[in-house]
Amino acid sequence: MYETHFGFTEAPFSLTPNTHFYLDSLSHQNAFQTVRVALDTMEGFIKIVGEVGTGKTLLCRRLLNTLAEPYVTAYIPNPQLSPLDLCLAVAEELDVMIEPGAGQHQLLKKINEKLVQHAISNRQVVLVIDEAQAMPDATIEALRLLTNLETESRKLLQVVLFGQPEFDELLSRPHLRQLKQRITFQEYLKPLSSEQVGHYLQHRVVLAGYNGSGLFHPKAIKWIGRSSGGVPRLINILAHKALLAAYGDGHRQVSGKHVRRAVKDTESARPIGWLLGSWA
């Protein structure tokens, strides 16, 4: 709607995770490097936890895009599955031929055969699971059993888990302690700092084709940061709505009053600032 008005070639603040707009913030950089080190050292389980909207799925997709040979990846975006369905999903991702009606035991056997084939060919299999907090307890146990598949010298399957903080609570249950003990590396994604918010906004508008400067007034940046709490998804929502407001006014710059309208229209934004002075 406002792309032409501001000189964008594409929407800069879409909520769809797009690795084209990936920003290597310190928190994401640390998490990514931790995962790569853990994979290189053949660790079994790696866990990345972050609040809603902090960019877990974007980081997950970036990881998948960068894991080339000798890695073989399997990706499960929604693990709210039964133990049998989890095994079926892993088998499908790894192109394992399964006979109709096969049970979990047969599935594990076939998956193990495929993993051994990859190991013989010096390929490393990585299972990436997003939204890990959605896994039922029985499915988490099935996942643990999958990682029991190993030779005398190496793990046949590594697992990277992306989840919300509820996943930590889930793993704290006594009957899931065996899997929790296997997690050797973990990182927590943090919201952007106030300084990073301005960089984040500029980064996305430039990648969207904007070639000017100062699209967001300093006060607009300040209030987007405060109202979003530094959460990228909320930043995107507020920036998009503020751009709409500026476009509606025929302005070329997003000001504080445009952000104020965006905040009022966003239930999840922090309604702060009303009493902290005037808006631009």
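The values are calculated or read from the model by the stated rules, or taken from the named source; none is laboratory data. Since this is a predicted model, take the numbers as computed values, not measurements. Here the Cβ positions follow ideal geometry from the backbone for every residue, glycine too, while neighbour counts run over all protein chains shown.
Here are some notes:
One line per residue, one yes/no per condition, for (1) within 19 Å of L156 (Cβ to Cβ); (2) part of a loop (DSSP other than H, G, I, E, B); (3) modelled with pLDDT under 95; (4) of a type in the set (K, R):
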| position | (1), (2), (3), (4) |
| --- | --- |
| L39 | yes, no, yes, no |
| N78 | no, yes, yes, no |
| I98 | yes, yes, yes, no |
| Q106 | yes, no, yes, no |
| K110 | yes, no, yes, yes |
| E113 | yes, no, yes, no |
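- Hits in the range 1-27 - residues which are part of a helix (DSSP H, G or I) and within 15 Å of D130 (Cβ to Cβ): T19
- Applying the criterion of being surrounded by 16 or more Cβ atoms within 10 Å (Cβ to Cβ) and either of a type outside the set (A, V, I, L, M, F, W, C) or in contact with a Lys or Arg (Cβ under 8 Å, 6 or more places away or on another chain) (or both) to the residues of the range 72-92, the residue that is farthest from D137 (Cα to Cα) is V72.
- Which numbered condition T54 fails, given (1) in the same structural domain as Q158 (by TED's automatic domain parsing); (2) surrounded by fewer than 16 Cβ atoms within 10 Å (Cβ to Cβ); (3) among the hydroxyl-bearing types (S, T, Y): (2)
- Enumerated helices (runs of 4 or more DSSP H) restricted to the range 157-267, each holding at least 1 residues that are surrounded by fewer than 19 Cβ atoms within 10 Å (Cβ to Cβ) and small (G, A, S): 194-207, 232-249
- Subset of the range 122-156 that is part of a loop (DSSP other than H, G, I, E, B), within 21 Å of R36 (Cβ to Cβ) and modelled with pLDDT under 95 - its residue that is nearest to the chain's Cα centre (by Cα): T147
- Contacts under 6 angstrom Cβ, first residue in the range 87-102 being farther than 16 Å from Q117 by Cβ, partner β-branched (V, I, T), 6 or more apart: A89/I76
- Within the range 142-173, the set of residues being in contact (Cβ under 8 Å) with a residue 12 or more places away in the chain, within 17 Å of A91 (Cα to Cα) and charged (D, E, K, R) comprises R144 only.
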